[in-house]
Amino acid sequence: MTTTRSQQLFDDAQTLMPGGVNSPVRAFGSVGGSPRFIARGAGAHFWDEDGNRYLDYVGSWGPLIHGHAPPFIHDAVRAQLARGTSFGAPTALEVEMAREVCAAVPSIEMVRMVNSGTEAVMGAIRVARGFTGRRKIIKFAGCYHGHSDALLVQAGSGALTLGVPDSAGVTPAQTADTISAHYNAIDETRALIRELGDELAVVAVEPLPANMGLVKPKSGFLEMLREETQKSGALLLFDEVMTGFRLARGGFQEVAGITPDITTLGKIIGGGFPVGAYGGRREIMECVAPVGPVYQAGTLSGNPMAMTAGLTSLRALTPEKYEYLENLGARLENGVRAALQETGTTAQMQRWGSMWTLFFSPVPVEDYAGAKASDAQKFGRFFHAMLERSFYLPPSQFEAAFISLAHTERDIDDTVEAMREALKV
Ligand code: HOZ
């Protein structure tokens, strides 16, 4: 059998980088086989190093809402490239980006740009502690807030995929103030918030978790978090790294009609370049240096390349675009439900807008325990059956898939058709 170029690259990569990758899920560890090395992308497709074309449902894990290599973003980026890539000094672009984000996201009156979602959450937690003068954090099992030490407790995404929700190298002292609760457990979490009283600085939550696969909040859960944090004097942090600008311009908080105190954003506001941001009420954000005592800094934060790509991308996100994504999402959901029925497959199609997960579970997945109980082996077989048919899904049961504006109704119908076959494998 001839070795593919992807396989050759993976063999080399494993001698040079841990697991051959720069982020764990990409290594295909939980689905088996070896990863495709991607050479280029255009629209809804990308091509691997062997020239195989795939319809992509990862979209760089969300940010490529306009698809791969959208010419209008690349033109703007090229023009900025000629003017300079980073100055380590303020630029007008940062002001424009801050205005865009503050206008769009209900909870954000002031914002700080950083370079990743991990950094954004790290900064937001520090601000929450600085603002409240309190120490304890509540997070939820299966929610993922990046890889900073204090948040690698029952973490989702790659940590869950690899079965290391509590990472080695994180000391008990670093997580001593982190309490993990159960997502969607309304009474239990209410009691926990009350019990922690004036020790509790912040409740951090993915309002629509997408890092244990896509899970929806039960009616009343987010409302309870809002009410109880307000009573306790703790802050409510919505981690919208995945959902910000993806489901609506104002993120899931706009959709749910619940305004947290502080919000984290990521990737999507960089239009494909590395970005993160945290923002919230003015009085909270004025705790951040150089105005306030909470220190946080970054050389490439707000760099003109990412600001240009991000601004160009965000400004193109009109209500019609979200409507288009919702229609594609609904078409996919209906098609998948019919395919599940026809093939007699027990699985749950969970979707919100353009984000979705097919859980191989007999019952709807509502939390970490439910996600973990899904049949990951079956998912692995399904993933490869789809890959063979040129459809690239997230290589883990515990991640969300993304539809982009470059996908068409025809793409969706082809996907459903391929699933009908793949589900029989
Ligand atoms: N943890 C990311 C998605 N939730 C995956 C990052 C990557 O592998 O690129």
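Among 382, 402, which comes first, second and so on when ranked by fewest other beta-carbon atoms within 10 Å?
On the way: 382 22, 402 27.
Ranked by crowding around the Cβ, least crowded first: 382, 402.
Give or take rounding to whole Å, what are the principal axis extents of the alpha carbon atoms in the range 27-106, in descending order?
46, 34, 23
Going by how many other Cβ atoms sit within 10 Å of their own, how do 239, 12 line up, fewest first? Show your work: numbers first, answer last.
Values: 239 33, 12 11.
Ordered from fewest to most neighbouring Cβ atoms within 10 Å, 239, 12 come out as 12, 239.
Quick one: if you take sqrt(5λ) for each eigenvalue of the C-alpha gyration tensor of the chain, what semi-axes come out, biggest first, whole angstrom?
Working: eigenvalues 214, 139, 87 Å².
Those come to 33, 26, 21 Å.
Could you work out the Kirkwood radius for the range 188-232, taking every pair of different alpha carbons, averaging 1/r and inverting it, reported in Å? List each step's numbers first, then the result.
Details: mean 1/r = 0.0877 Å⁻¹.
Over the range 188-232, the inverse of the mean reciprocal pair distance is 11.4 Å.
List the lysines whose Cα lies under 20 Å from the Cα of residue 267, skipping any in the same chain that are fewer than 8 positions away.
List returned: 321.
Express in nm, to one decimal, how much length is gained between residue 289 and residue 52 on full extension, taking 0.36 nm for each residue of separation and deducting their alpha carbon distance. Could the numbers behind the result be given before it?
On the way: separation 237, 0.36 × 237 = 85.32 nm, distance 4.87 nm.
Full-extension gain reported as 80.4 nm.
Work out Dmax and Rg for the range 240-325 from the C-alpha atoms and quote the Rg first, both in angstrom.
Every Cα atom of the range 240-325 included, Rg and Dmax give 14.1, 44 Å.
Would you please put 82-93, 23-34 in order of how densely packed they are, using the mean number of other Cβ atoms within 10 angstrom per residue and starting with the highest? Don't jump to the answer; show the numbers that get you there.
On the way: 82-93: 11.2, 23-34: 18.4.
The most tightly packed comes first, giving 23-34, 82-93.
Estimate the FRET efficiency between residue 198 and residue 300 by the formula 1/(1 + (r/R0)^6), using the beta-carbon distance for r and 51 Å for R0, to the nearest 0.05.
On the way: r = 38 Å, r/R0 = 0.74.
Taking R0 as 51 Å, the efficiency between residue 198 and residue 300 is 0.85.
Rounded to the nearest angstrom and ordered from largest down, what semi-axes does the equivalent ellipsoid of the range 119-169 get from its C-alpha gyration tensor (root of 5λ)?
Values for the range 119-169, descending: 22, 10, 9 Å.
Expected output is a single nm value to one decimal: the length gained when fully extending between residue 173 and residue 78, i.e. 0.36 nm times separation in residues minus the C-alpha distance. What is it?
Values: separation 95, 0.36 × 95 = 34.20 nm, distance 4.63 nm.
Net length gain for the segment: 29.6 nm.
Among 295, 278, 266, which residue has its Cα positioned farthest towards the positive end of the charge dipole of the chain, with +1 placed on the Cβ of Lys and Arg, -1 on the Cβ of Asp and Glu, and the dipole taken about the Cα centre?
295
Which whole-number percent gives the relative contact order of the range 1-153, counting Cα pairs below 8 Å spaced six or more residues apart? Mind showing how you got there, number by number?
Values: 109 pairs, mean separation 16.7, N = 153.
The normalised contact order for the range 1-153 reaches 11 percent.
So for the pair residue 341, residue 99, with labels modelled 7 Å out along Cα→Cβ, what separation do we get in nm?
For residue 341 paired with residue 99, the spin-label model returns 5.1 nm.
What translational D, rounded to a whole number of µm²/s, comes out for the range 193-298 from Stokes-Einstein when the hydrodynamic radius is the Kirkwood one over Cα pairs, at 37 °C and 0.692 mPa s?
Working: Rh = 14.8 Å.
So the translational diffusion coefficient is about 222 µm²/s.
Relative contact order for the range 240-320: what percent, with Cα pairs under 8 Å and sequence separation of 6 or more? Working shown, then result.
Numbers: 103 pairs, mean separation 22.7, N = 81.
Once normalised by length, the contact order is 28 percent.
For the range 283-387, how big is the tail of P(r) above 15 Å, as a whole percent of Cα pairs? Don't skip to the end; give the middle numbers.
Values: 4177 of 5460 pairs.
The share of Cα pairs beyond 15 Å in the range 283-387 comes to 77 percent.
Sorted from largest down, give the three principal axis spans of the alpha carbons of the range 64-153, whole angstrom values.
Its Cα atoms span 46, 28, 26 Å along the three principal axes.
Would you list 140, 383, 391 from fewest to most Cβ contacts within 10 Å? Spell out each step's value before the answer.
Working: 140 29, 383 25, 391 20.
Fewest to most other Cβ atoms nearby, the residues stand as 391, 383, 140.
For the range 217-271 and the range 49-99, what is the separation of their C-alpha centers, rounded to whole Å?
Using only Cα atoms to place each centre, the spacing works out to 25 Å.
As a test of the formula, what do you get for the chain when each DSSP H run with n ≥ 4 contributes -39,500 (n - 2.57) and the sum is divided by the residue count, at 222 nm and rounded to the nearest 500 deg cm²/dmol? Spell out each step's value before the answer.
Numbers: 15 runs with 164 residues, N = 425.
Computed ellipticity for the chain at 222 nm equals -11500 deg cm²/dmol.
How high is the FRET efficiency from residue 109 to residue 166, r the C-beta distance, R0 35 Å, rounded to 0.05? If you can, show how the numbers build up before the last one.
Numbers: r = 35 Å, r/R0 = 1.00.
Efficiency, rounded to the nearest 0.05: 0.50.
Evaluate the distance, in nm, between pseudo-label points positioned 7 Å from the Cα of residue 2 and of residue 187 along their respective Cα→Cβ axes.
Rounded to a tenth, the inter-label distance reads 6.4 nm.
Hull surface divided by four, with the convex hull built on the Cα atoms of the range 64-220: how many nm²? Each step should come with its number before you reach the end.
Numbers: hull surface 49.3 nm².
Mean shadow area of the hull around the Cα atoms is 12.3 nm².
Looking at the P(r) of the range 289-343, how many percent of alpha-carbon pairs lie beyond 13 Å?
Numbers: 1121 of 1485 pairs.
The answer is 75 percent, as a whole percent.
Every number in this text was worked out from the coordinates using simple rules, so none of it is lab data. None of the values given here were measured: they were computed from a predicted structure. Methodologically, a virtual Cβ is constructed for each residue, glycine included, from the backbone with ideal geometry; neighbour enumeration extends over all protein chains shown.
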